[in-house]
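Below is one structure; the comments refer to it alone.
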Amino acid sequence: MESGKSQKDLFEDLFSKALQSRIFINRELLSPDYVPQTLPFREEQLAKLASILSVSLKNERPNNVFIYGLTGTGKTAAVKLVFKKLKEKADEIKANVVAVYVNTRQKDTEYRVLAEVLDSLGVKVPFTGLSVSELYNRLFKAVQNKGSITIVALDEIDYLVKKHGDDLLYRLLRMNSELQRGKITIVGITNDLKLIDSLDPRVKSSLGEEEIVFPPYDAEQLKKILEERARLAFREGALSPEVIPLCAALAAREHGDARKALDLLRTAGEIAERNNDEKVETRHVEMARNQLEHDTVEAIVSTLPLHSKLILLATLKIIEEKGKATTGEVYSKYLDLVKKLGIEYITSRRATDIISELDMLGILDARVTSRGRYGKTKTITLQTSKEAVLKALLKDELIGAVINE
């Protein structure tokens, strides 16, 4: 705190600066939750989805749709935009259409997904207390009584399927054969390109009636997307000319992720604003990149189960000593940590699975290497910031007890 300045004056200065930003006009336009009126370079996908769902306006059930593409390719924004326009048209012509979007990572149980769909149909259910079968019964009655074409978008559907199986999909799809009035259509959204192959054949054949692929954006497309948002989000002259091309280039390296590009641009602007700088410059983008990487890693590592954290810590310790690790070395070090904590240990096979999971999350890089007549092993290196991983691990009291052992 500046000498001679009271806390009251300090807060007043900070809040006044926030209200008189020299950087932003409206930072919400850069938020990942913001759905723009238009989605550049997604006209083909928008037209196909709108065409498929448009038959609902004639009280006909649209085909189920499976939408896939990597993270940040516009899948969610496209579905929300089409739903918004479909609802507007349905209201205009008095069509009996209900379109509900559910993120299954946030509503992460069958119960919560069904409760969200029921809510969209005007049926309130308690947060807990009913059986899942009762929720299905209430959903069936609600669709039957309302006679509506109910379109349910299940985002990050791979998360739900991996956690709970595909029973929800099967039962929703099967409901149509029993409904006399009204129908249900599912729009599945995923970034797991192999998910549909893992589904029950009965679910796979129904859900895969229509497929829409969202390809990654290239650097030039990302640049144009950022320019369009920046024109409305930032004050004139607030961005140095090199900022948008840099954000686009960095995001293009990571599979053309528009969400990453927007996060970089917004965070760079926020850093410049907090530093009371006149303009957003490339140095702010680099600072934003480091901050976002740390934030992402911390969020992922903090939510890992205890034994996954211990495997990760064991791996870090080996890498610190040798620069890289093998699965055998990691498991041996893990057993040492477990013994010091006095808790049950997991099997070597489960430890190997956890290493593969950490590889999928981008925390570790685990590559199978041949040891000649000694067979094969995984050579493991760290793929992200060691400081961010340690900071997240230290939040766990049990891990903190052995982190310096």
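Remarks
- Pick from the range 155-170, criterion surrounded by fewer than 17 Cβ atoms within 10 Å (Cβ to Cβ) and of a type in the set (D, E, K, R), ranking: farthest from residue 208 (Cα to Cα): 163
- Which listed residue, of 30, 53, 39, is more than 17 Å from residue 188 (Cα to Cα), of a type outside the set (Gly, Ala, Ser), in contact (Cβ under 8 Å) with a residue 24 or more places away in the chain and surrounded by 21 or more Cβ atoms within 10 Å (Cβ to Cβ): 30
- Odd one out for residue 179, checked against (1) crowded, with 21+ Cβ neighbours inside 10 Å; (2) part of a loop (DSSP other than H, G, I, E, B): (1)
- Here residue 141 meets each of (1) under 30 Å from residue 223 (Cβ atoms); (2) at pLDDT 95 or above; (3) among the basic types (Lys, Arg); (4) loosely packed, with under 15 Cβ neighbours inside 10 Å with one exception, condition (1).
- Residue in the range 195-210 that is buried (at least 16 other Cβ atoms within 10 Å of the Cβ), touching a His at 6+ places or on another chain (Cβ under 9 Å) and closer than 22 Å to residue 77 by Cα present: no
- Here residue 78 passes the criteria (1) aliphatic (A, V, I, L, M); (2) in contact (Cβ under 8 Å) with a residue 60 or more places away in the chain; (3) farther than 26 Å from residue 51 by Cβ except the one numbered (3).
- Residue 68 vs. criteria surrounded by 16 or more Cβ atoms within 10 Å (Cβ to Cβ), among the hydroxyl-bearing types (Ser, Thr, Tyr) and free of Cβ contacts under 8 Å to residues at least 60 places away in the same chain: no
- Look at the range 137-155: where a residue is more than 15 Å from residue 118 (Cβ to Cβ) and hydrophobic (A, V, I, L, M, F, W, C) and a partner is at pLDDT 95 or above and in a helix (DSSP H, G or I), sitting 6+ places away or on another chain with Cβ atoms under 8 Å, you get 149/56; 153/79; 153/83.
- Scanning the range 210-245 for residues that are in a strand (DSSP E or B) and either free of Cβ contacts under 8 Å to residues at least 60 places away in the same chain or over 30 Å from residue 63 (Cβ atoms) (or both) returns 234, 239.
- Within the range 134-159, tally of residues that are under 29 Å from the mean Cα position of the chain (by Cα) and farther than 19 Å from residue 76 by Cβ: 5
The values are calculated or read from the model by the stated rules, or taken from the named source; none is laboratory data. Everything numeric here is computed off the predicted structure, so don't read it as measured data. When we count neighbours, we look across all protein chains shown, and the Cβ atoms used for this are built from the backbone with ideal geometry, even at glycine.
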